[in-house]
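The values are calculated or read from the model by the stated rules, or taken from the named source; none is laboratory data. Just so it is clear, the structure is predicted and the values come from calculations on it, not from any experiment. Using ideal geometry, Cβ is built from the backbone for each residue, glycine included, and neighbour counts are taken over all protein chains shown.
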Amino acid sequence: MNIRIHGSRDDFYENQLEMPETEEERDRLFSKYHQIVMNEIASQYPDATVEFTHENSLRAVEVSIAEDDTDDWESFAREARQEMDVVERVGDILDKVFSDGTWAENTEPATS
């Protein structure tokens, strides 16, 4: 399964209650939140490949469940439903981590 999360750093910084003063502090805070999101997703989807993109302000979550090409509409529909479920769960994780920062401020990212 591949999960791609789109969103700019500016969007993230807009949600912070207290903006760090230096670029270095902002990068460190963003990296912490980024790692927490990655760990949360990995705990629910250990085999998933997760990618963040920050090129533009488009906010989106893409999920693809790679299976063999199939002409079977039932399989296609099942995969589509699974993808929608994953998008919803990833959205919940993003909301929990990035909404106001209080949850992530009190959470340390696990180290591998």
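What to note about this one:
Matching residues to (1) in a helix (DSSP H, G or I); (2) at pLDDT 80 or above; (3) surrounded by 11 or more Cβ atoms within 10 Å (Cβ to Cβ); (4) among the hydrophobic types (A, V, I, L, M, F, W, C):
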{"site": "40", "(1), (2), (3), (4)": "yes, yes, yes, no"}
{"site": "50", "(1), (2), (3), (4)": "no, yes, yes, yes"}
{"site": "75", "(1), (2), (3), (4)": "yes, yes, yes, no"}
{"site": "109", "(1), (2), (3), (4)": "no, no, yes, no"}
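- Selection within the stretch 79-95 - aliphatic (A, V, I, L, M) and either surrounded by 14 or more Cβ atoms within 10 Å (Cβ to Cβ) or under 19 Å from residue 39 (Cβ atoms) (or both): 86, 87, 90, 93, 94
- Test: residue 81 is at pLDDT below 80 and basic (Lys, Arg): no
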